[in-house]
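The values are calculated or read from the model by the stated rules, or taken from the named source; none is laboratory data. Just so you know, these numbers come straight off a predicted model, no measurement behind them. Reconstructed Cβ throughout: ideal geometry from the backbone, glycine too, with neighbour counts over all protein chains shown.
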Amino acid sequence: MQRTTRISPAEIDRQLAFCGQAAQLNSQLPVRPLAFVDTYGCQQNEADSERIRGFLSRMGYGFTDDEEQARVIVINTCAIRDHAEQKVLGNVGALVHGKRRHPEQIICLCGCMVQQPRTAEKIRQSYRHVDLVFGPQVLWRFPEFLYTLLTQRGRIFQTADEPGSIAEGIPAVRRDRVKAWVSVMYGCNNFCSYCIVPYVRGRERSRRPEDILAEAEALVGEGYRDLTLLGQNVNSYGRDLEEGLDFSGLLERINAIPGDFLIRFMTSHPKDATPRLFETMARCEKVAPVLHLPFQAGSDRILREMNRRHTRQEYLDKVAALRALIPDIVLTSDIIVGFPGETEAEFEQTLDLLERVRFDALFTFIYSPRPGTPAAQMPDPMPREEKMKNFNRLVELQNRISAEKHAAYVGKTLRCLVDGLSGEEGFPLSARTPGNRLIRVKGGQELIGRFVDVKVTGANTWSLFGELS
Ligand code: 5AD
Ligand code: SF4
């Protein structure tokens, strides 16, 4: 495997120096300038936006959720499905009016969507009010790009295709005080035939364990109670490192950090989810009993066409092995309905797999062709209405299973982490069970950030309800 490129500390210092210079410019303005950062897509994008905010904060910007008030607008985009792209393009188009009123406004687009050459070109041609476009692999250069725009006229496009690197030492402004994202690796090498991610996020590359541990320790020290380790496929962590540490080894080392906190992680690819991982999860007391294990489709033929490199039976065997070690494990998954060529009978196999595994919750998607991926070239005869019908059947079945699984919680007492306000009268707190199911709880705000024993008193399809025991 190719060695991962690491951005030197000197280069990051250079970027931080751009932050300092921008802060100097901004301090001459009559009022503190504001920035608006809007994020689409997955948790990795959320984590990237926290770093964009970190840079912006060092440049002297405050934050607003009102585009009209913002001197800098950053839209961090997603490319996973066409729907996500259309939404971004609509919102970016609408920004043209605000920019006419505030010509000094700088509009930036980043993230996966703009890493696709066809989209970058579309923005260059048809969205001329966008000043800066940069892909996920060069996020660490954001200060340099923005400073250049503050001092010179013109537009900047930085979306060249590159395998990606690792940049440490980027400051973050985190959204939450209780739960934190910790990226452990970036990119994906799997090339599932429907997926755009490997094309826009580059090759798999792992952060060094010492950098991850230092970040995790600092977060625990700041009072964070729930660390979610992020990567497109965390189970292949470490393959590009000399240390010989794999993901299970990393879990063990984070588990050894003193403190009262939980460790979660996503996403796991079934082909790389090993008995060693399950055994490590069972043994490490801080690793939460929850696993997001996407299976995508229930038919072996479709799994092959998807280039998933695992079979239906292998998936079922892994779930059985995991449940033997952790009987109360909460299992969630991703499913695509209507992959090109999927027949009614093949779709039924997805329903059958649902009945067999009985997931706690699912993320369900209708297949969306992504230009440039192999699946986008495959014949796709099933009409959209039929896919929609299947999609609804799937959601109905899962809702029934989720409701049944939730109902079984009633009467139990669980150690839950209170993570915020629920907005619901009667049960004002939002909390999470050990397996990360949402539970709304009676109690006061002072409990936010604390683990409390909660007796489950009610349940519906999406949530549990409870009171302090
Ligand atoms: N169409 C529909 N869903 C997709 N996903 C990825 N690519 C596509 C696509 N082209 C889903 C997969 C993946 C999740 C993050 O998004 O289920 O696991
Ligand atoms: Fe996409 Fe497959 Fe990689 Fe997940 S593992 S990001 S679905 S290519």
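I'd like the residue in the range 311-331 that is within 30 Å of Met388 (Cβ to Cβ) and buried (at least 19 other Cβ atoms within 10 Å of the Cβ) and, out of all such residues, is farthest from ligand 2 (Cβ to nearest atom).
Out of the qualifying residues, it is Val330.
Scan the range 191-199 and tell me whether some residue there is touching a residue at least 12 places away in the same chain (Cβ under 8 Å), within 11 Å of ligand 2 (Cβ to nearest atom) and within 16 Å of Phe265 (Cβ to Cβ).
No; the residues of the range 191-199 include none that is touching a residue at least 12 places away in the same chain (Cβ under 8 Å), within 11 Å of ligand 2 (Cβ to nearest atom) and within 16 Å of Phe265 (Cβ to Cβ).
Hey, among the residues in the range 65-87 that are within 16 Å of ligand 1 (Cβ to nearest atom) and part of a helix (DSSP H, G or I), which one's surrounded by the fewest Cβ atoms within 10 Å (Cβ to Cβ)?
Filtering first and then ranking leaves Gln86.
Scan the range 185-200 residue by residue and report those that are crowded, with 21+ Cβ neighbours inside 10 Å, within 12 Å of ligand 1 (Cβ to nearest atom) and either aromatic (Phe, Trp, Tyr) or not in a loop (DSSP other than H, G, I, E, B) (or both).
Tyr194, Val197, Val200, listed by residue number.
Sort out which residues of the range 266-279 are surrounded by 20 or more Cβ atoms within 10 Å (Cβ to Cβ) and more than 15 Å from ligand 1 (Cβ to nearest atom), and write them in order of number.
Leu277, Phe278
Output the residues belonging to the range 204-234 that are buried (at least 22 other Cβ atoms within 10 Å of the Cβ), touching a Phe, Trp or Tyr at 6+ places or on another chain (Cβ under 7 Å) and assigned to a helix (DSSP H, G or I).
Val234, the sole residue that qualifies.
Please determine whether any residue of the range 409-431 is free of Cβ contacts under 8 Å to residues at least 12 places away in the same chain, out of contact with any strand residue (DSSP E or B) (no Cβ under 6 Å at 6 or more places or on another chain) and either within 12 Å of ligand 1 (Cβ to nearest atom) or over 16 Å from Gln296 (Cα atoms) (or both).
Within the range 409-431, one or more residues are free of Cβ contacts under 8 Å to residues at least 12 places away in the same chain, out of contact with any strand residue (DSSP E or B) (no Cβ under 6 Å at 6 or more places or on another chain) and either within 12 Å of ligand 1 (Cβ to nearest atom) or over 16 Å from Gln296 (Cα atoms) (or both).
Considering only the range 406-432, how many residues are in a helix (DSSP H, G or I) and either among the β-branched types (Val, Ile, Thr) or crowded, with 18+ Cβ neighbours inside 10 Å (or both)? Outline the logic, then answer.
Residues of the range 406-432 that are in a helix (DSSP H, G or I), as a first pass: 406-407.
Going one step further and asking which of them are either among the β-branched types (Val, Ile, Thr) or crowded, with 18+ Cβ neighbours inside 10 Å (or both), we end up with 406.
Of the residues in that region, 1 qualify.
Look through the range 254-287, keep the residues that are touching a residue at least 60 places away in the same chain (Cβ under 8 Å) and more than 16 Å from ligand 2 (Cβ to nearest atom), and return whichever of them is nearest to Cys416 (Cα to Cα).
Leu262
I'm checking my understanding of the structure. Among residues of the range 158-168 that are of a type outside the set (S, T, N, Q), more than 26 Å from Pro270 (Cα to Cα) and out of contact with any Leu (no Cβ under 8 Å at 6 or more places or on another chain), which one is nearest to ligand 1 (Cβ to nearest atom)?
Of everything passing the filter in the range 158-168, Asp161 is nearest to ligand 1 (Cβ to nearest atom).
Let's see how each residue does on (1) of a type in the set (Phe, Trp, Tyr); (2) closer than 28 Å to Arg208 by Cβ; (3) at pLDDT below 95:
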residue: Ala84; (1), (2), (3): no, no, yes
residue: Ala94; (1), (2), (3): no, no, no
residue: Cys108; (1), (2), (3): no, no, no
residue: Gln115; (1), (2), (3): no, yes, no
residue: Asp131; (1), (2), (3): no, no, no
residue: Leu139; (1), (2), (3): no, yes, no
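What are the pairs with Cβ atoms under 7 angstrom where one residue, in the range 62-77, is under 15 Å from Pro143 (Cα atoms) and the other, located anywhere, is among the aromatic types (Phe, Trp, Tyr) and crowded, with 20+ Cβ neighbours inside 10 Å? Sequence gap at least six, or different chains.
Val72/Tyr61; Ile73/Phe36
Go through (1) within 28 Å of Ile196 (Cα to Cα); (2) in contact with a Ser or Thr (Cβ under 8 Å, 6 or more places away or on another chain) one by one and return the number of the condition Val287 breaks.
With (1) within 28 Å of Ile196 (Cα to Cα); (2) in contact with a Ser or Thr (Cβ under 8 Å, 6 or more places away or on another chain) applied to Val287, the lone miss is (1).
Could you check, for the range 348-362, whether at least one of its residues is farther than 30 Å from Cys112 by Cα, modelled with pLDDT of 95 or more, within 16 Å of ligand 2 (Cβ to nearest atom) and more than 24 Å from the chain's Cα centre (by Cα)?
Among the residues of the range 348-362, not one is farther than 30 Å from Cys112 by Cα, modelled with pLDDT of 95 or more, within 16 Å of ligand 2 (Cβ to nearest atom) and more than 24 Å from the chain's Cα centre (by Cα), which makes the answer no.
What are the residues in the range 424-469 that are of a type in the set (D, E, K, R) and closer than 15 Å to Glu404 by Cα, if any?
Arg437
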